[in-house]
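One structure below.
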Amino acid sequence: PEEAVPDFLGGSAHTAHPQRCPFTGNLVGWHWSQIPTRQSLDVTFTEWSQDDFSKVKSSNFQLPNCSLAPHDMALTKNCIIMKINALTMNQVPFLFNLKGPAASLSMDGQSPVKAWIFPRPTSPDQFEPFGVDVPACFSIHFSHGYEEDDETGHIVTYFSGWPPSDSKDFLGAWGGFAPDFAKIPPTFLWRLEIDPIQKKTVSLQIAPGSDNVCTEHMLVHPHFVSRKCQFVYGTASNVVGDSTPPNGYVKLNVEPKKRNGQQQ
């Protein structure tokens, strides 16, 4: 609609990865705009009805020390989780058309990153958003997230990403005329667990059942977007343990069930 068309300068952008909540049926998304003078991001989360796509509720926050918008989000029953990678943009070559946007990004592959936890607009448990330090990594896409159904209430998310590296260039081994897969590090599926009470990272590790698997664009059954899920599906490289063009699909058992005392 015309009222949603942004101005030529300024305006806002919407995520390419909205999520449908399996509990409410709402479509949950977010849009953002940069605040360059404050090196921060203005973020608005919105939930839309599955019946007529009318807006159910929105909430707005400012994300400090964030000069670049995160690419994806994880959705739980009450929370939205975003990870802020250690990226900065050199605006001069970009504005003078000397480099493209990706080539203008610098990266610190050894720097800890931040995970931000926000209350969903429709959650009855509204709280002040908070950031959590996460060991060095680089996140790309989330497959799903959930809140542990026990006294801890830990928040667990699964995402694709790169391990720590010495790279200072965002494109790194992906740069040049064409990707050289012999130099490109593999993309793993990671499991991140956060304690929302202590506001700290409990663990970050390659997801169970995912060792030696280079995978991306992971998905779960829509019923489990915000629930604990046994299986995650994604594209896979055609060589075990190496970064190669994705020529197949993989089914990963990330939450092994126990039968007769043994994991299945």
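A few remarks follow.
- Hits in the stretch 214-245 - residues which are within 18 Å of T76 (Cβ to Cβ) and charged (D, E, K, R): R227, K228
Quick grid of which residues meet (1) of a type outside the set (K, R); (2) not in a strand (DSSP E or B):
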position	(1), (2)
F45	yes, no
V56	yes, no
S59	yes, no
Q62	yes, no
L68	yes, yes
M82	yes, no
K99	no, yes
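- Pairs, first at positive phi in the stretch 195-219, second at pLDDT 95 or above and not in a strand (DSSP E or B), C-beta under 6 Å, six or more apart: G209/V254
- Of note, I35 satisfies the criterion of being open to solvent by 20 Å² or more (accessible area, probe 1.4 Å) and within 24 Å of E128 (Cβ to Cβ).
- Just so you know, in the stretch 44-74 the residues that are at pLDDT below 95 and aliphatic (A, V, I, L, M) include one that is farthest from the chain's Cα centre (by Cα), and it is L63.
- Among the residues making up the stretch 246-260, those that are open to solvent by 20 Å² or more (accessible area, probe 1.4 Å) and within 30 Å of C79 (Cβ to Cβ) are Y249, V250, K251, N253, E255, P256, K257, K258.
- Enumeration of residues in the stretch 99-139 that are of a type in the set (A, V, I, L, M) and within 15 Å of the chain's Cα centre (by Cα): V113, A115, I117, V132, V134, A136
- For first residues located in the stretch 24-43 and at pLDDT below 85, partners that are not polar (S, T, N, Q) and lie 6+ apart or on another chain with Cβ distances below 8 Å form the pairs Q34/L41; Q34/D42; Q34/A69; I35/L41; I35/D42; R38/P64; Q39/P64; Q39/C66.
- Selection of the stretch 116-131 for residues being of a type outside the set (F, W, Y) and open to solvent by less than 60 Å² (accessible area, probe 1.4 Å) yields I117, P119, R120, P121, T122, S123, P129, G131.
- Residue check for G175: open to solvent by less than 30 Å² (accessible area, probe 1.4 Å), at pLDDT 85 or above, closer than 23 Å to T235 by Cβ and not charged (D, E, K, R): no
- Among the residues of this structure, F53 does not count as one that is closer than 24 Å to S12 by Cβ, aromatic (F, W, Y) and touching a residue at least 60 places away in the same chain (Cβ under 8 Å).
- Candidates V156, V113, V134 - the one that is crowded, with 16+ Cβ neighbours inside 10 Å, touching an Asp or Glu at 6+ places or on another chain (Cβ under 6 Å) and of a type outside the set (F, W, Y): V156
The values are calculated or read from the model by the stated rules, or taken from the named source; none is laboratory data. The shown structure was predicted, so the numbers you read here are calculated from the model rather than taken from an experiment. FYI the Cβ positions are ideal-geometry reconstructions off the backbone, even for glycines, and counts take in every protein chain you see. These accessible areas exclude ligands, DNA and RNA; they are computed on the full protein's heavy atoms, side chains included. Shrake-Rupley method; radii C 1.70, N 1.55, O 1.52, S 1.80 Å.
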